[in-house]
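**Student:** Just passing along the structure, written as structure tokens.
The values are calculated or read from the model by the stated rules, or taken from the named source; none is laboratory data. Every value quoted in this text rests on a predicted model; they were computed, and no experiment measured them. Note that we place each Cβ from the backbone using ideal geometry, even for glycine, and neighbour counts take in every protein chain shown. The protein model used for the area step is the full one, side chains on, heavy atoms only, and it has no ligands, DNA or RNA in it. Shrake-Rupley method; radii C 1.70, N 1.55, O 1.52, S 1.80 Å.
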Amino acid sequence: MAFPEPKPRAPELPQKRLKTLDCGQGAVRAVRFNVDGNYCLTCGSDKTLKLWNPLRGTLLRTYSGHGYEVLDAAGSFDNSHLCSGGGDKTVVLWDVATGQVVRKFRGHAGKVNTVQFNEEATVILSGSIDSSIRCWDCRSRKPEPVQTLDEARDGISSVKVSDHEILAGSVDGRVRRYDLRMGQVFSDYVGSPITCTCFSQDGQCTLISSLDSTLRLLDKDTGELLGEYVGHKNQKYKLDCCLSERDTHVVSCSEDGKVFFWDLVEGALVLALSVGSSVVQSLAYHPTESCLLTAMGVSIQYWREETYEAEGGAG
């Protein structure tokens, strides 16, 4: 007689605070994991970008070269380069090992809210409050972008890239998906200024947060609304949202000092994680583990599941 397969255990959510790091760079505007989740980047209002080992709490390098606060950053697939954008309207390509500026790309007419590498890290995509997305060739010496996407009618708040698609959220209330293979753009109207967009891990869905304190899960191909998630507060600030590492939960920052977790399928709120007393400015979810980084004020917080034991037994 065959026994039924045991039900897979429900994923544990990161709710044990292992570390709080004072980043020493003014307000932390964004926190981002690198591609394998071993390191993280913090973007500071003091014009610096910092690279950390968050589990150990060690600062590895500081990158200085922006003329104004740094608003977003991303690492390349091979961890050799970083890109960042900020209030000085520039996009900067950095050498991770030396800390040197490789290239500075100028062309945006307003602050750069969001930056991403393509998969091969040959192109940087940047979104700005000037309503454009610009694509910069990392290998070329040409100062102008190789492509400018200017369909948005208001500032670009969020850009994400998959192997052949660009997902962009705008303050005009639309999320636009550019299919680079087909040369087409698809647009879905949410009606409220969009603060963050992302793909699900399986690439089938898009998650959109907006200033009506609502997250929406859309079918990527049809635009059909699959789920709505409410309970958090997002009315004033550009806050991050994401999906957990196995697409089981929707996760969002909130302006009331918490991070909210909803069951993706049920839509039910399952955890309101208290971080502190002010706005949770940014968050990043580990690519493969139940591990969360949050940013509030001048510090970042490192969270793991309750049963997690750090190597060597140190909690």
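**Student:** Can you give me the % of accessible surface on the chain that is carbon or sulfur? Probe 1.4 Å, all protein chains present, nothing else counted.
**Tutor:** 48 percent
**Student:** So, R0 is 45 Å and r is the distance between the beta-carbons of CYS135 and GLU289; what FRET efficiency does that work out to, to 0.05?
**Tutor:** So, using R0 = 45 Å, E works out to roughly 0.90.
**Student:** On a 1.4 Å probe surface of the protein chains, which of PHE77, PHE186 comes out largest in accessible area, and what is the full order?
**Tutor:** So the residues, ranked largest to smallest area, are PHE77, PHE186.
**Student:** Any idea how far apart VAL265 and SER278 come out in nm if each label point goes 7 Å out from Cα toward Cβ?
**Tutor:** Here the modelled spin labels are 4.0 nm apart.
**Student:** Something else about it: Pull up all non-local amide H partners of LEU264: gap of 5 or more, or a different chain, and H-to-H distance under 5 Å with H placed in the peptide plane.
**Tutor:** Under 5 Å from the amide H of LEU264: HIS249, VAL250.
**Student:** What list of ³J(HN,Hα) couplings, whole Hz, do you get for region 90-99 from phi and the Karplus terms 6.51, -1.76, 1.60, once you set θ to phi - 60° and write x for glycine and proline?
**Tutor:** 9, 10, 10, 9, 10, 8, 4, 5, 8, x
**Student:** Okay, moving on. Can you list the HN-Hα couplings for region 232-238, worked out from phi with the Karplus curve (6.51, -1.76, 1.60; θ = phi - 60°), rounded to whole Hz and with x for Gly and Pro?
**Tutor:** 8, 10, 8, 10, 10, 10, 7
**Student:** With an 8 Å Cα cut-off and a minimum separation of 6 or more residues, compute the relative contact order for the chain in percent.
**Tutor:** It rounds to 15 percent for the chain.
**Student:** Additional query: If ASP212, ASP240, ASP78 are ordered by their accessible area, calculated over protein heavy atoms with a 1.4 Å probe, which sequence runs from highest to lowest?
**Tutor:** Final ranking, largest accessible area leading: ASP78, ASP212, ASP240.
**Student:** Leaving out ligands and nucleic acids, note down the accessible area per residue over region 176-246 with a 1.4 angstrom probe, in whole Å².
**Tutor:** Heavy-atom SASA per residue in region 176-246 reads 47 Å².
**Student:** I'd like to know which of SER278, VAL298, HIS164 lies farthest towards the positive end of the charge dipole of the chain, counting +1 on Cβ of Lys and Arg and -1 on Cβ of Asp and Glu.
**Tutor:** Among SER278, VAL298, HIS164, the one farthest towards the positive end of the dipole of the chain is VAL298.
**Student:** Quick check: with the 1.4 Å probe, what order do ARG304, ARG141 take by accessible area, largest first?
**Tutor:** Reading off the accessible areas and sorting them downward yields ARG141, ARG304.
**Student:** Report the net charge of residues surrounding GLY67, where surrounding means a beta-carbon distance below 13 angstrom and charges are Lys +1, Arg +1, Asp -1, Glu -1. Don't jump to the answer; show the numbers that get you there.
**Tutor:** On the way: positive: LYS47, LYS89, LYS104, ARG106, LYS111; negative: ASP46, GLU69, ASP88.
It works out to a net charge of +2.
**Student:** Once label points are set 7 Å from the Cα along Cα→Cβ at both ASP36 and ASP247, what is their separation, rounded to one decimal in nm?
**Tutor:** 2.5 nm
**Student:** Candidates (1) 30; (2) 15; (3) 25; which is the computed percent of Cα pairs over 35 Å apart?
**Tutor:** (2)
**Student:** Can you give me the Cα centroid spacing of region 218-289 and region 60-105 in angstrom?
**Tutor:** If you average the Cα positions of each part, the centres end up 27 Å apart.
**Student:** How much length would be gained if the chain were fully extended between ASP150 and GLU119, taking 0.36 nm per residue of separation minus their Cα-Cα distance, in nm to one decimal?
**Tutor:** Numbers: separation 31, 0.36 × 31 = 11.16 nm, distance 2.21 nm.
So the extension gain works out to 9.0 nm.
**Student:** Taking R0 as 22 Å, what's the FRET efficiency between GLN235 and THR307 from their Cβ-Cβ distance, rounded to 0.05?
**Tutor:** Details: r = 36 Å, r/R0 = 1.62.
E(calc), rounded to 0.05, equals 0.05.
**Student:** Would you work out which of PRO143, CYS198, ALA74 lies farthest towards the positive end of the dipole of the chain, given +1 charges on the beta-carbon of Lys and Arg and -1 on that of Asp and Glu, about the Cα centre?
**Tutor:** Toward the positive end, the furthest listed residue is PRO143.
**Student:** Please report the relative contact order for region 153-258, taking Cα pairs under 8 Å with a sequence separation of at least 6, and give it as a percent rounded to a whole number.
**Tutor:** On the way: 260 pairs, mean separation 18.6, N = 106.
In percent, rounded to a whole number, it is 18.
**Student:** Taking the full set of protein chains and a 1.4 angstrom probe, give the accessible area of ASP188 in square angstrom, rounded to the nearest 10.
**Tutor:** Probe radius 1.4 Å; accessible area of ASP188 about 50 Å².
**Student:** Oh, and also: Too long at a 20 Å Cα-Cα cut-off: which of LYS16/LYS160; LYS233/LYS258; LYS50/LYS142; LYS104/LYS142? Don't skip to the end; give the middle numbers.
**Tutor:** Details: LYS16/LYS160 29 Å; LYS233/LYS258 9 Å; LYS50/LYS142 28 Å; LYS104/LYS142 11 Å.
Over 20 Å apart, Cα to Cα: LYS16/LYS160; LYS50/LYS142.
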